[in-house]
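The structure under discussion appears below in the form of C-alpha cells.
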C-alpha cells in the first residue's frame, strides 16, 4: 500500500498551494482535483531533475513524498480553508456516480490482464509506455544522461519522442510495488473524475442543462450507434466504430471516455489539465495548467485560446515561453488531417472528416451557429476556431492523435455545450404542444443515439485481447535484465518485445509506432538491411552488443557470437567487441 503515499502527498501539496495562486473559488472538490494535477506536475518535475543526478529508485520517491508532506504542513498553517459546498442537484449526483461506475468498470476491463494480455487499442500505447517506464526503473534511463532529454528505448541514438513526465509519475507508483495495470487504473480513474467535475462546472456557466452537456461530452459515440447495426462493422472485432473502422481506414477522431481518458497516461492528463485551465480562466492557475499539458499541440492550442480571451495576464505570457523548449524535439509537418480522406477519393474531405468524426453534433453546430448562447460564449467559441484551423493543417508526427487530442481540449467542450443549449432552445421554439412534443422526441432520440453509441464504443475498446507476453517472453526478459543497462539489443521489431519490456535499448522497435510518432526511421531501416550473418563487423560498427535471436521471425545472430541463454522461442547472444 506504499503507492498511496505519493498520491496523497501530491494531492495535499497541490491542495495547499491553490489559494496562493489567487483563484476565485475554493470549492473543496475542484480544489482537490486541481491539487492533484498541480501536485503530480511538481512530483514529476522533481523526479525529472533528480534523475539527472542519481538513479531512479524507491528511496527518491519516498524522499520527495516526505518533502511534499512537510511542505504541505507548513502551507496549511498559512493557507485558506475551502468552502465545504457541494453541488446538490440530483442530475449532478447521478452524473458523477454514473461516470465513476463506468470508469472503474471500463478501466478494470481494459487493464485486468495487462501486460500479458491487452486489447488491440491498448497494445501500441502499452508498448510505448512500458518500454520507457522499465527503461527508467531497470534500464538505460535509470539515470538520465542528457540534461534535457531521455534516450528513446525503442530506437538507439535518438531522444525520446514522447511525454516523459506522466510516465515518470507512473514509474514512481510502480517503484512502490504497484503494477502497471494498477497504476494505470488509479491515474486514469482520478483524471476521469477530475474531468467530469470540471466539465459540469464549466457547462453550468452557459447552459441550463449542464448535466446533459457533461454526459454528452464524456460519452458521445458519434455515428457508432448507426454503424453498429451494419453486420460488417458489428462482426469486425477490430472496428471500434469511431476511429479504427477497418484495418486500413481510420478517422481523425478518438472516443474521449473510452480512449483518450482511459488508455494513455499522456492523453488522460492532457484532457484533465486542459479542462481545469479553461475552468480557472483568467487566473494564474489557468496559464500554469495550460503549460502543464503533456501534449505540446494541446498546450499550444490552449495558449492560443487563452490569449483570445485575456491579454493582461503576465503569468500567461511567461508560461507560453515554455513552448519554445517543448516544441524542439517534436516533428511538426505540414500534412492536412484530410489528406488520407482525399487520397481515398472523398469529396469535400475537410468537412466530411469532421462530419464523420463528430456525428450529429457537427451538423447542428454548423447549421445553427448563429444562435449560440451569450455573447461571451460566442467570443470564447470563436477564440478556439483559429487553433482548430491550424490543427487541420499541421501535425505532430504522422498520425491524427495529437491533433484530435488538442481539438478535444479546446473546441470540443464548447461545441458540446453549444449543442445541448441549441437543443434546449429547439424544444422551446414551437408554440403549440404537439410540435413541442415532436421537438422533444427529436432531441431525446439524438441524445440517446449519441450515448448508446458511446456505450458500444467503450465496450468494444476492451476487446479483442491479444496475448502479448508468453512464458518464453518472461524468461527472455529475465535474461535481458542481467546484461549491462547500456547494451544495445537487436531483435524482432514487434510490439511488446521482451527487449522493450525489459527496459533495455532496442536497436529498432516497432516501426509503425515510431513512424506514427514522427521518428525518422529511414536511415535505421537502411542500416538493418546491411546486417548480415556473415559479417560481424557491421554489427560492431552499429554498436549492437547483443542479439535476441528469434528464428520464427527470421532474426538470427551473426557468426562468431557467444550464446548466453536459450529457450524454445529465443536465443540471447553476445557480440564480441
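Derivation of every value follows stated rules applied to the coordinates shown; laboratory data play no part. Source: prediction; values computed, not measured. Here the Cβ is made from the backbone with ideal geometry for all residues, glycine too, and neighbour counts use every protein chain on show.
I'd like to compare 69-78, 218-227, 132-141, 445-454: which one has the highest average count of other Cβ atoms within 10 Å, and what's the full order after that?
So the peptides 69-78, 218-227, 132-141, 445-454, ranked by packing, come out 132-141, 218-227, 445-454, 69-78.
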Requested in this report: State the Cα centre-to-centre distance between region 143-220 and region 370-439 in whole Å.
Outcome: 24 Å
Report task. Could you please state, rounded to a whole Å, how far the C-alpha centre of region 492-529 is from the C-alpha centre of region 1-55? Result -> 34 Å
Query raised in the report: 222 nm [θ] for the chain, helices only, -39500 (n - 2.57) per DSSP H run of 4+, per residue, to 500?
Result: -18000 deg cm²/dmol
Query raised in the report: What whole number of Å gives the distance from the Cα centroid of region 463-483 to the Cα centroid of region 232-288?
Result: 29 Å
Report task. Return 255, 512 ranked ascending by Cβ neighbour count within 10 Å, so the fewest neighbours appear first. Result -> 512, 255
Requested in this report: Could you sort 39-46, 554-561 so that the peptide with the highest average Cβ count within 10 Å comes first and the rest follow in order?
Outcome: 39-46, 554-561
Requested in this report: With mean projected area of the Cα convex hull in nm² in mind, check (1) 27.6; (2) 32.5; (3) 37.4 and report the label derived from this structure.
Outcome: (1)
Report task. Between residue 22 and residue 97, with labels modelled 7 Å along Cα→Cβ, what's the label distance in nm to one decimal, could you check? Result -> 4.2 nm
**Report entry** Debye log10 I(q)/I(0) for region 471-574, one point scatterer per Cα, at q = 0.24 Å⁻¹
**Finding:** -1.47
Report task. Kindly express, to the nearest 10 degrees and within the range 0 to 90, the angle between helix 210-219's C-alpha long axis and the longest C-alpha principal axis of the chain. Result -> 30 degrees
Query raised in the report: Which angle from 0 to 90°, rounded to the nearest 10, does the C-alpha axis of helix 90-111 make with the longest principal axis of the chain?
Result: 20 degrees
Report summary line: Proxy exposure order for 285, 5, 256, 389 (fewest C-beta within 10 Å first) is 389, 5, 285, 256
Query raised in the report: Spin-label point model (7 Å from Cα, Cβ direction): what's the residue 541 to residue 435 distance in nm?
Result: 8.1 nm
Report task. Taking the chain as the reference, fit the longest principal axis to its C-alpha atoms, fit the long axis of helix 180-203 to the helix C-alpha atoms, and give the angle between the two in degrees, 0 to 90, nearest 10. Result -> 20 degrees
